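Below you'll find the structure, written out as structure tokens, and then a few comments.
The values are calculated or read from the model by the stated rules, or taken from the named source; none is laboratory data. This structure is a prediction, so every number in the text was calculated from the model and none was measured. Using ideal geometry, Cβ is built from the backbone for each residue, glycine included, and neighbour counts are taken over all protein chains shown. Heads up: the accessible areas ignore ligands, DNA and RNA and are worked out on the full protein's heavy atoms, side chains in. Shrake-Rupley method; radii C 1.70, N 1.55, O 1.52, S 1.80 Å.
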Amino acid sequence: MDYDFDAFIDRSGTHSAKWERTEQMFGSRDVLPMWVADMDLPVPEPVMEALRRRLEHPLFGYTFPPDSLYEAIIERMRRYYSWEVDREWITFTPGVVNALHIAIDSQTVPGDEVVVQSPVYYPFFSAVKNCGCQITNNQLRYDGTGYTMDLEDLCAHLEPSTRFPLRSPRVRALALCSPHNPVGRVWSRHELEQVAEICLQNDCTIISDEVHCDLLVDDVQHTVTSTLGPEVQRRTITLMAPSKAFNLAGLAASFVIIPDPQMRRQFSAAAAGHGKVNTMGLVAMEAALRDGDEYLRQLNTYLRHNIEYFSERVSEMPGLRVVRPEGTYLTWVDMSGLGMDDGQLRDFMINDARIATDFGFAFGPGGEGFQRFNLACPRSLVREAVQRLAGAITSL
Ligand SMILES: Cc1ncc(COP(=O)(O)O)c(C=O)c1O
């Protein structure tokens with residue numbers, strides 16, 4: 001079927017965080033919500049069908065992940081990434097942030113260090129802290145147009161014997177965001193190989209959050225970190241979910257793939273007592289992963305046009321630079337050219353541009369002066385955002 005992504009869907013009355021929390025979060029109702037990462041676009045029809053079918057049954061007791069869900073994941077990993085996944089490697093969690101906490105907890109003891117690469121999705125920081133660990137920041141390099149990883153700096157953090165002889169080797173894990181939110185990089189195979197090699201040489205586990213893996217601009221290819229080779233696979237915990245690409249975040253359904261048996265045992269011990277994926281989440285996840293290809297094709301095309309439209313216009317505005325994403329539906333805009341501090345920029349976005357974005361400073365060092373725009377919405381809203389922003393810039 002052809003999806004009508006241009007249609008505006010009124011989300012009022014659904015307790016939408018993005019639309020119905022704007023006043024609480026931004027102190028104004030009169031802001032166009034382009035912040036939290038969900039889509040104002042309909043979910044795949046096969047998902048709706050599967051949910052409707054399940055709703056016809058009058059009972060919602062305890063459920064377990066069915067064989068068909070495992071098969072859908074295994075088949076998807078094979079087809080998209082040439083990755084042969086064993087059923088026993090798969091486990092389920094109610095959300096990726098939940099899985100991130102469990103993964104960090106399972107690989108560390110309080111006081112250990114975990115590497116993050118800022119600017120990065122802010123729960124990476126809180127997850128490390130909530131596990132009693134310390135953040136070691138391997139800040140990304142920004143050259144005014146795009147981002148790369150600073151591998152020298154990563155080595156310096158992980159190789160205590162050469163650069164920091166007195167430091168004990170306590171960096172246990174790298175929390176990798178791949179594709180990267182907010183900078184929109186889809187790390188190349190070569191970049192991932194370099195990072196993985198550094199981690200392996202330094203006995204560092206890779207926790208690879210790949211929740212944005214299906215959202216790719218043009219012909220960009222996503223490489224699953226674990227597919228880089230058997231050694232990397234043994235040291236990697238992969239976090240995935242249909243929540244971003246299929247707009248199912250509210251159903252809190254995600255999966256984790258851990259090939260190494262010992263790491264699996266550690267993960268399952270750390271997960272004890274945590275919640276499970278709910279009945280409807282399991283149903284939706286299976287339908288999306290198995291029958292969502294056509295939707296994804298149309299969605300990525302639509303999002304690409306939104307990104308192009310936005311990037312071209314915003315790049316023409318004085319003082320603004322758009323970091324063109326290779327993946328995700330998030331666009332990271334460098335507004336440092338406006339010469340405002342973060343407080344002024346926040347006021348400018350809320351009161352002058354009247355757009356609710358995610359403020360760059362929340363993503364950690366390197367995020368200052370930036371704003372993250374969520375472009376997963378009908379094009380009319382992207383146009384509205386561009387108009388509001390252009391008007392506010394003109395009045396400066
Ligand atoms: C990199 C990354 N991980 C995790 C999440 C959230 O996942 P969940 O809602 O499944 O916890 C997001 C949401 O934007 C994200 O960008």
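Would it be correct to say that Leu320 is in contact (Cβ under 8 Å) with a residue 40 or more places away in the chain and over 22 Å from Gly391 (Cβ atoms)?
no
Take the residues of region 82-99 that are touching a strand residue (DSSP E or B) at 6+ places or on another chain (Cβ under 6 Å) and part of a helix (DSSP H, G or I): which is nearest to the ligand (Cβ to nearest atom)?
Val96
Of the conditions (1) open to solvent by 10 Å² or more (accessible area, probe 1.4 Å); (2) at pLDDT 95 or above; (3) not aliphatic (A, V, I, L, M), His157 fails just one. Which one is it?
Result: His157 fails condition (2) only.
Among the residues of region 20-53, write down those that are surrounded by 17 or more Cβ atoms within 10 Å (Cβ to Cβ) and free of Cβ contacts under 8 Å to residues at least 60 places away in the same chain.
Hits for region 20-53: nothing passes.
Can you work out which of the residues in region 101-115 that are in contact with a strand residue (DSSP E or B) (Cβ under 6 Å, 6 or more places away or on another chain) and among the charged types (D, E, K, R) is nearest to Gln266 (Cα to Cα)?
Asp112
Kindly list, by first and then second residue, each pair from a residue in region 143-156 that is over 19 Å from Ser178 (Cα atoms) to a residue that is open to solvent by 20 Å² or more (accessible area, probe 1.4 Å) and not in a loop (DSSP other than H, G, I, E, B), limited to pairs with Cβ atoms under 6 Å and residues at least 6 apart or on different chains.
Partner pairs satisfying both residue conditions: Ala156/Arg163.
For region 115-137, give me each residue that is open to solvent by less than 30 Å² (accessible area, probe 1.4 Å), away from the ligand (no atom under 15 Å from the Cβ) and in a strand (DSSP E or B).
Once the filter is applied, which keeps residues that are open to solvent by less than 30 Å² (accessible area, probe 1.4 Å), away from the ligand (no atom under 15 Å from the Cβ) and in a strand (DSSP E or B), region 115-137 yields Val115, Thr136.
What number of residues within region 254-281 satisfy the criterion of being within 16 Å of the ligand (Cβ to nearest atom), within 23 Å of Arg76 (Cα to Cα) and open to solvent by 10 Å² or more (accessible area, probe 1.4 Å)?
4
Find the strands (runs of 3 or more DSSP E) located wholly in region 320-396 whose residues include 1 or more that are open to solvent by 20 Å² or more (accessible area, probe 1.4 Å), and list them.
321-323
Table: residues versus (1) within 23 Å of Tyr147 (Cα to Cα); (2) in the same structural domain as Asn374 (by TED's automatic domain parsing); (3) surrounded by fewer than 24 Cβ atoms within 10 Å (Cβ to Cβ); (4) within 16 Å of the ligand (Cβ to nearest atom).
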site: Gly184; (1), (2), (3), (4): yes, no, no, yes
site: Glu193; (1), (2), (3), (4): yes, no, yes, no
site: Asp209; (1), (2), (3), (4): yes, no, no, yes
site: Gln221; (1), (2), (3), (4): yes, no, yes, no
site: Gly229; (1), (2), (3), (4): no, no, yes, no
site: Phe246; (1), (2), (3), (4): no, no, no, yes
